[in-house]
Amino acid sequence: MYLILTLFFISLLSITSMLGYKVSLARNGSLQMRDDVHIAFPDLHKIKKLTRRGFRRYGFIALVIVIKIYVKISLFAKQKFESAKSSIIKILRKNKKFNLEDSFEKREVSGFLKMVSEYKHKVKSIKHKIIEEELGN
């Protein structure tokens, strides 16, 4: 701990002495200021272009990875659901007291849903007629 503190204070004293030396040279007028300082940085437009290209590439890669993971998870979930469903049906069929056909009795479809499905069929038939007329002309 003491070693770190002594090194810190020695470096702090050396930096202040260097700055003090430069200030004293500037006061005497013997310090010459140069305007042609070259900084080793590339052009900002090039940096912007390179980062955009990199973000675009990595964004595309991330999108592909996310879609692959989504597809794999959905297929896995479907397989597990189907296996669980089949095992439950097997267990229910083994039980003689439980009748599988009675549990899935058909219910009547509501009037609204019937009307919507009829409307969809009408729209589809009209669309097919329009396509046939366009192809015929």
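Show the residue pairs meeting these rules: Cβ distance below 7 Å; 6+ apart or different chains; first residue within the range 112-137 and in contact (Cβ under 8 Å) with a residue 60 or more places away in the chain; second residue among the basic types (Lys, Arg) and surrounded by fewer than 10 Cβ atoms within 10 Å (Cβ to Cβ). Correct list of pairs: empty, since none qualify. Taking the stated definitions as given, is Lys129 at pLDDT 90 or above and either in contact with a Cys (Cβ under 6 Å, 6 or more places away or on another chain) or of a type in the set (D, E, K, R) (or both)? No.
Regarding the range 90-100, can at least one residue be identified that is part of a loop (DSSP other than H, G, I, E, B), on the phi > 0 side of the Ramachandran plot and either surrounded by fewer than 10 Cβ atoms within 10 Å (Cβ to Cβ) or modelled with pLDDT of 90 or more (or both)? Looking through the range 90-100, none of the residues is part of a loop (DSSP other than H, G, I, E, B), on the phi > 0 side of the Ramachandran plot and either surrounded by fewer than 10 Cβ atoms within 10 Å (Cβ to Cβ) or modelled with pLDDT of 90 or more (or both).
The values are calculated or read from the model by the stated rules, or taken from the named source; none is laboratory data. The shown structure was predicted, so the numbers you read here are calculated from the model rather than taken from an experiment. Heads up, the Cβs are rebuilt from the backbone with ideal geometry, glycines too, and the neighbour counts pull from every protein chain shown.
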